[in-house]
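The values are calculated or read from the model by the stated rules, or taken from the named source; none is laboratory data. All figures in this text were calculated on a predicted structure; none of them were measured in a lab. Don't worry about glycine lacking a Cβ; one is built from the backbone with ideal geometry, like all the others, and counts go over all protein chains shown.
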Amino acid sequence: MTQLQQARKNNITKEMAEVARIEGLDPEYIRGRIAEGKIVIPVNHKRNSRKLCGIGAGLKTKVNANIGTSADYADIDKELEKLRAAEEAGADAVMDLSTGGELRTIRKAIIESASVSIGSVPIYEAAVNSIKRKQAIYDMTARDMIEAIQLHCEDGVDFITVHCGATMGVLKHLREDKRICGVVSRGGAFLVEWMIHNKKENPFYEEFDEILAIAKEYDVTISLGDALRPGALADAFDRAQVYELNVLAELTQRTLEADVQVIVEGPGHVPLNQITRACSITERTLQGSAILRAGSHCHRYCSRLRPHYFRHWRRYSRFCRR
């Protein structure tokens, strides 16, 4: 059973009890908020020993560090060094965003060595495999993408980013409203290119029920990627982004109905005078779900270590209204 199923059956799992101890809260509070979809504990059934991380309502802000190889530089030892640096710096979770080398070998090494929750972006591997076959990214099939998700969950990742909200409706607004920076999300750009070339709907949206079934099997938390987050202040909360946000709200409800834990990413770069509005719109649309918010670069420990911040939007919204 997933943590969400257990919570809805009024069962306090050992993971909930441990998060409650770490946070200094009543275990019943953790259970209740998980049941409501306002707290998540990324915890793949296939991983046993790790530092548990609760994310969401009333909990401390959590930090996620991104590591990963590139096509130009792929060294497992360096990735493990980055992992250790992130953990020593106090990161609560680490994402493997590798795109170079033997991706599964690298991912397994990171999962085996990590004491914190591990996340990944499966579409990167599907895209890299397409290139290795001497094909273009848009030549990968919908089945390639779904199988990548299955593989990552089997390997033991605790949460996966899937860009399900970039639909044909979003593309319509992208075409009508010219952006300064276009699509800055890497996974989102892969999917948008695929959709334009193949003239088909986003496979992650069309096959969302299958993705949920895979996630439920391993109790992997779904992180709904914001493919249309703006890379320029001038693009903030344009029609494409707002359209995607509403799609993500729909998918959040479907995820919770499937007894799968969910995080929503966003909202990207926002002008200072629009922060309050951004908080209000996002809180109202997502109804208190946990949010992953992108942070700034950090070069103190290694050149490719970047922190991201998990933050519950309700707390941040109150701050914005002060």
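The figures follow:
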item	result
Some residue of the range 200-209 being in a loop (DSSP other than H, G, I, E, B), within 25 Å of L97 (Cα to Cα) and touching a strand residue (DSSP E or B) at 6+ places or on another chain (Cβ under 7 Å)	no
Residues of the range 79-132 classified as in a loop (DSSP other than H, G, I, E, B), buried (at least 17 other Cβ atoms within 10 Å of the Cβ) and not acidic (D, E), total	8
Cβ pairs under 9 Å, 6+ apart, first in the range 222-240 and closer than 25 Å to Q253 by Cβ and modelled with pLDDT under 95, second aromatic (F, W, Y) and part of a loop (DSSP other than H, G, I, E, B)	P230/F237
Single condition K46 does not satisfy, out of (1) surrounded by 19 or more Cβ atoms within 10 Å (Cβ to Cβ); (2) modelled with pLDDT under 95	(1)
Selection status of G68, farther than 14 Å from T221 by Cβ, touching a Ser or Thr at 6+ places or on another chain (Cβ under 6 Å) and buried (at least 23 other Cβ atoms within 10 Å of the Cβ)	yes
The range 108-149 - residue that is within 24 Å of A166 (Cβ to Cβ) and among the acidic types (D, E) and, of those, farthest from the chain's Cα centre (by Cα)	D139
Residues located in the range 227-262, provided they are of a type in the set (A, V, I, L, M) and within 18 Å of the chain's Cα centre (by Cα)	A227, L228, L245, V247, L248, A249, L251, L256, A258, V260, V262
Within the range 1-40, considering residues that are among the small types (G, A, S) and not in a loop (DSSP other than H, G, I, E, B), the one nearest to L224 (Cα to Cα)	A35
Residues within the range 147-194 that are in a loop (DSSP other than H, G, I, E, B), at pLDDT below 95 and crowded, with 19+ Cβ neighbours inside 10 Å, tallied	2
Cross-chain or 6+ apart pairs with Cβ under 7 Å, the range 167-194 first and closer than 16 Å to L248 by Cα, then acidic (D, E) and part of a loop (DSSP other than H, G, I, E, B)	T167/E201; M168/E201; S185/D226
Any pair with Cβ under 6 angstrom, 6 or more apart, that starts in the range 145-157 at a residue that is of a type in the set (G, A, S) and ends at one that is surrounded by 24 or more Cβ atoms within 10 Å (Cβ to Cβ) and part of a loop (DSSP other than H, G, I, E, B)	G156/N44
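Here's the yes/no breakdown for (1) touching a Cys at 6+ places or on another chain (Cβ under 8 Å); (2) of a type in the set (S, T, N, Q); (3) modelled with pLDDT under 85; (4) part of a loop (DSSP other than H, G, I, E, B):
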site: I211; (1), (2), (3), (4): yes, no, no, no
site: E217; (1), (2), (3), (4): yes, no, no, no
site: N246; (1), (2), (3), (4): no, yes, no, no
site: H269; (1), (2), (3), (4): no, no, yes, yes
